[in-house]
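None of the figures in this text is laboratory data; all of them are computed from the coordinates on show. For clarity, every value in this text was computed on a predicted model and none was experimentally measured. Glycine gets a Cβ as well: all are built from the backbone with ideal geometry, and neighbour counts include every protein chain shown.
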Amino acid sequence: MRVERLIQFGPIAAIFAFALALRIWRLNLPSGYIFDEVYYAKNAASLITAGVELNDQGESEFVVHPPLGKWLIGIGIKIFGNNEFGWRFSAAIFGSVAVLLIYIIVKKLFASEFLSITAALLFALDGLNLVMSRVALLDIFLMVFILLSFYFLLFNNYLAVSISLGLALATKWSGGFLIPVFLLYIMIENRANLKKILKPIGQLVLVPVSVYLISWSGWIFSDKGWARNSESNLLLSLWSYHRQILNFHQDLVEQHTYQANPWSWLILGRPTSFFYEESSNCGQTKCSQEILAMGTPFLWWSAVFAVAITIGFFITNKDRKAAIILIGFTATYLPWFLIQERTTFYFYAISTLPFLILAIIYCFNLLIKSDKNKMYIKIYVIFIAINFLYFLPIYLGISIPYSEWLSRMWLESWI
């Protein structure tokens with residue numbers, strides 16, 4: 001029995017251990033805040049001590065994202081202290097758990113251990129997933145909650161779907177993109193039975209809003225939060241605060257060195273550099289150390305074709321599996337085209353990554369009927385692994401000779 005269990009769970013356990021090890025290794029480096037950690041890690045530290053976001057002077061601070069992701073970052077700070085490892089720890093755990101989530105989602109969708117292991121491997125071998133799991137930003141938490149919502153959707157557990165969407169919304173407002181898409185899907189799926197859809201529709205509207213409001217408990221039960229007493233009562237103050245947040249997002253059109261239009265995301269047109277430093281500590285006179293938030297190139301480029309194939313099979317066969325994958329792709333990617341004037345970054349596409357991989361798995365499922373085709377799939381995974389390892393130094397911020405760094409800048413826009 002133990003041997004059978006080892007055979008059954010050994011591969012996914014090994015993949016999870018590999019993913020976790022990569023995310024924990026040297027997690028305290030580089031030192032100091034990198035990129036937007038200067039906002040989220042500091043916000044998280046004040047949340048766990050004061051219940052609200054405060055600035056360095058202990059005064060209320062205007063923030064533009066809901067509290068949940070910062071509360072999660074704060075858990076790591078509470079356990080390990082207000083240091084680099086502490087404020088990045090929760091992201092590392094969530095990024096590792098995402099590997100398990102994609103495994104069980106594929107297992108439910110395709111009932112194939114081979115495809116489930118393949119999906120988990122591809123997820124663990126993606127550079128963007130790795131980088132976002134090693135920084136104290138909000139997007140890795142958003143991605144996991146979105147994955148959770150799709151897992152529960154496979155079981156038609158609409159209450160759990162609604163809670164997951166609420167958690168996503170309470171992390172970043174972009175989690176709200178999924179709510180209307182899910183509503184449309186449920187209405188189409190159950191269009192023959194109006195009574196059957198009323199309850200899930202109610203859940204998908206009321207539950208996420210309730211979860212979202214609960215995430216603001218620190219602000220609600222404290223009088224220190226930004227604009228806490230700006231109006232005559234609590235609800236009006238909260239509404240006023242949210243109007244300020246909305247105005248901020250609508251007016252965020254200033255130029256940024258690493259801004260990237262959604263059109264370029266899937267082809268890695270402009271990845272985001274979180275950290276770059278030159279030194280001479282790699283045995284040569286000029287060394288480069290960079291953390292580049294960029295997906296594994298061959299994985300992402302091949303996923304573009306996989307999405308196109310999935311769309312084709314959905315149009316011709318009305319396949320439910322293809323529909324579910326495309327729902328995720330649509331809800332996490334296409335809404336950004338409606339706000340192209342806003343300053344956006346490539347790493348927002350981390351929420352779309354699971355559905356790119358699911359599209360690849362969907363295509364593999366079409367080929368899996370023969371052992372010969374399984375071999376081609378294994379070769380593809382090996383190819384992706386080699387590509388991932390080649391770029392690993394600029395995912396982990398390892399100091400390498402400048403010439404080696406430059407050789408990894410395949411496109412001029414990556415510099």
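For the cross-link pairs K107/K318; K318/K372; K196/K369; K108/K195; K318/K378, the ones whose C-alpha atoms lie over 31 Å apart are K196/K369. Checking every one of the trypsin sites (Lys or Arg not before Pro) in the range 316-377 against DSSP loop status and a limit of 10 other Cβ atoms within 10 Å picks out K318, K369.
Shape class of the range 241-291 from the alpha-carbon gyration tensor: prolate, with a/c at 1.5 or above and a/b greater than b/c. For the pair the range 81-136 and the range 242-285, the centres of their Cα atoms are 22 angstrom apart. Annotation note: chymotrypsin sites (Phe, Trp or Tyr not before Pro) in the range 77-156 located in DSSP loop regions with a Cβ neighbour count of at most 10 within 10 Å are F155.
The magnitude of the dipole of the range 260-334, with charges of +1 and -1 set on the Cβ of Lys/Arg and Asp/Glu and taken from the Cα centre, is near 400 debye. Using a cutoff of 8 angstrom between alpha carbon atoms and counting only pairs six or more residues apart, the relative contact order for the range 87-130 works out to 37 percent.
Of the chymotrypsin sites (Phe, Trp or Tyr not before Pro) found in the range 207-280, those that fall in a DSSP loop while having at most 11 other beta-carbon atoms within 10 Å are F221. Given +1 at the Cβ of Lys and Arg, -1 at the Cβ of Asp and Glu and no other charges, the dipole of the range 1-131 around its Cα centre is 600 debye to the nearest 20.
A cut-off under 15 angstrom between Cβ atoms defines the neighbours of L358, and their net charge, with Lys, Arg +1 and Asp, Glu -1, is +2. Amide hydrogen proximity for F275: with H placed 1.01 Å from N in the peptide plane, the residues at 5 or more positions away or on another chain lying under 5 Å are I291. Across the range 1-126, Cα pairs under 8 Å and at least six residues apart give a relative contact order of 28 percent.
Measuring from each cysteine beta-carbon in the chain, the ones with no other cysteine beta-carbon under 4.7 angstrom are C363. The string of couplings for the range 275-288 from the Karplus curve (6.51, -1.76, 1.60, θ = phi - 60°) is 7, 8, 8, 9, 7, 10, 9, 10, x, 10, 5, 10, 10, 10 Hz, one whole number per residue in order, with x for Gly and Pro. Here the Karplus curve 6.51 cos²θ - 1.76 cosθ + 1.60, taken at θ = phi - 60°, turns the phi angles of the range 197-210 into couplings of 9, 5, 5, x, 5, x, 5, 5, 9, 7, 5, x, 5, 5 Hz, with x standing for Gly and Pro. Per-residue ellipticity at 222 nm from helix content only, as computed over the chain with -39500 (n - 2.57) for each DSSP H run of at least four residues, stands at -20500 deg cm²/dmol. Apply the a/c threshold of 1.5 to the C-alpha gyration tensor of the range 75-221 and tell me whether it is rounded, prolate or oblate. Oblate. Residues in the range 72-78 carry Karplus couplings, in order, of 5, 4, x, 4, x, 5, 4 Hz; the curve used is 6.51 cos²θ - 1.76 cosθ + 1.60 with θ = phi - 60°, and Gly or Pro positions show x.
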